[in-house]
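First the structure, in the form of structure tokens, and then the observations on it.
Here, each number is a calculation from the coordinates, and none is a lab measurement. Source: prediction; values computed, not measured. All Cβ positions, glycine included, derive from the backbone under ideal geometry; neighbour counts span all protein chains shown.
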Amino acid sequence: MRRGILLLPGFILPGLILAGCAPPVPRDIAVFALAPAQPAQNLPVAMLLAPIGAAPAYMGKDMLYRLGYTDNQLHPYGSSRWNAPPINMLASVMHQTAGGNLLALDQSNQLARCSLRIELTAFEQVFTDAQNSHAELGMHYSLMQLRNQRILGNGKLRLDIPAQTADAQGGAMALEKASHQAASQIMEWLNHLLAPTVSGANPARAACER
């Protein structure tokens, strides 16, 4: 599987940063991105993916880590960053995993009667000691009927994925794997929530169908 994109110092990936579209990346900064996710099972009904919410720490491009064996506080890497805020990268992963039935805000129009809402609660690398670390990703999610704001189902997840190396690149690769796993788990949850019941009637699915 293709791993997260790394821009090495002095190297700019063609098409990622264009003149006039973004400021140049300093030559001593490594920029990471999440590789595209593989499509999973299509959702049975169209729904809107609401903008992903998060604490301010996850709204920027900082790559964050915590030293679990000392202060356990979030710190940004000084010479590495993401190419986009985690909430934006995760939205792309969700769309890629879901296929065509998970709509962006500008696509929904009258097609969607329900909205998938996600709150990002953790997206960082956690060091248990100087040589070992893991990616930590947490989410709360719910399916809401748009017409009356009724919650049809909700859940949460927390994933810990070991990093192969105790540095920013190892953290980025582990967070990429965690992001893909989280998207697949949410798709599985949605398909289960909207699956036909023994009686054939499913209130959640009926609320989301046109």
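Report note on the peptides 174-184, 155-165, 122-132, 85-95: ranked by the mean count of other C-beta atoms within 10 Å, highest first, their order is 174-184, 85-95, 122-132, 155-165.
I'd like the FRET efficiency for T165 and A84, computed as 1/(1 + (r/R0)^6) with the beta carbon distance as r and R0 of 30 Å, rounded to 0.05. E(calc), rounded to 0.05, equals 0.85. For S199 and L111, the FRET efficiency from 1/(1 + (r/R0)^6), where r spans their Cβ atoms and R0 equals 25 Å, is about 0.35.
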